[in-house]
Amino acid sequence: MEQTLIDRKDLRVSDIQAWDIARVSNCALSEVYLMDCIAGMKHYPDKFFDLAVVDPPYGLGNKLAHAGNGKNAQSKFTDDFKKKNWDNSIPPYEYFIELFRVSKNQIIWGGNYFIEHLPSTRGFITWDKQVYIPTMSRIEMAWTSFDKLPKLVQINNNDSNRIHLTQKPVSLYDFCFDYAKMEPGQRVLDTHLGSGSSRIAANKAGLDFVGFEIDEDYFNASEERFKKFVSQTRLF
Ligand SMILES: C[S@@+](CC[C@H](N)C(=O)[O-])C[C@H]1O[C@@H](n2cnc3c(N)ncnc32)[C@H](O)[C@@H]1O
């Protein structure tokens with residue numbers, strides 16, 4: 001399917017004014033907004049998204065800044081991360097209220113950090129990053145709304161082309177969409193876009209996608225990455 005990358009600054013003007021969006025860019029079936037996600041979600045009706053796959057700050061702060069040992073793919077981002085401070089606290093209760101209002105199902109990475117805001121579930125996903133560094137977590141856990149057996153997925157996380165300290169592999173999102181049995185044309189939300197891996201996986205799977213990112217540097221870098229992905233897929 002041919003994709004056209006369009007600068008949407010001139011489209012949906014009324015929405016843009018109402019949302020106070022600093023910048024909007026869009027590919028067919030794929031919209032990303034440089035703005036706070038709680039403010040963004042307020043503009044969507046109840047259960048608009050079939051799936052929310054999200055990766056909010058875990059509240060690790062400086063512990064995350066010590067990730068890596070200078071030899072792994074993450075290390076070059078830690079100085080930059082210390083200046084940005086986005087991982088100092090988990091999202092407020094209001095975030096989870098909005099998330100559950102706008103989506104039918106949820107996969108919440110770092111769910112073990114948000115237990116106070118989440119109901120019990122058996123549908124946890126454990127991701128084995130296959131990276132063995134003493135100062136870094138070897139696994140991450142996602143809370144899911146699916147009444148399924150807990151799952152273990154093994155996907156290597158040492159991508160040297162990463163653009164974000166906590167970038168998740170596109171193939172991890174491929175797994176999530178498969179796990180949630182998503183069908184082309186269904187709608188996905190990612191409230192904390194980061195590097196945009198979820199956006200790329202959604203595009204590959206033919207899913208409508210909406211993403212929010214509050215940091216302009218990350219937003220721009222993810223936009224570049226997405227454009228590169230779209231131009232590469234056009235070649236085939
Ligand atoms: C854990 S990272 C997401 C990483 C992402 N899953 C990836 O694969 O690259 C969290 C991201 O959320 C962003 N963020 C923090 N608070 C936000 C908010 N209120 N609204 C939107 N984005 C936010 C941060 O700037 C950071 O890029």
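List the trypsin sites (Lys or Arg not before Pro) within segment 141-202 that fall in a DSSP loop (any state other than H, G, I, E or B) and whose Cβ has at most 16 other Cβ atoms within 10 Å.
Working: sites: Lys148, Lys151, Arg162, Lys181, Arg187, Arg199; in loops: Lys148, Arg162, Lys181.
In loop regions of segment 141-202 (DSSP not H, G, I, E or B), the sparsely surrounded trypsin sites (Lys or Arg not before Pro) are Lys148, Lys181.
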Measure up Lys151/Lys204; Lys47/Lys151; Lys47/Lys181; Lys168/Lys204; Lys42/Lys84 against 21 Å on the Cα-Cα distance and list the ones that go over. Lys151/Lys204; Lys47/Lys151; Lys42/Lys84
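How large is the Kirkwood hydrodynamic radius of segment 139-236, in angstrom, based on all distinct alpha carbon pairs? Spell out each step's value before the answer.
On the way: mean 1/r = 0.0694 Å⁻¹.
Computed over Cα pairs of segment 139-236, the Kirkwood hydrodynamic radius comes out at 14.4 Å.
Normalising by the residue count of segment 124-236, find the relative contact order in percent from Cα pairs under 8 Å and 6+ residues apart.
Numbers: 153 pairs, mean separation 22.4, N = 113.
Once divided by the residue count of segment 124-236, the mean separation gives 20 percent.
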Radius of gyration and Dmax for segment 116-182's Cα atoms, expressed in Å? 13.1, 37
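FYI, it's all coordinate maths here, none of it is from the lab. Here the structure is a predicted model, which means the values were calculated and not measured. Cβ atoms come from the backbone with ideal geometry, glycine included; neighbour counts cover every protein chain shown.
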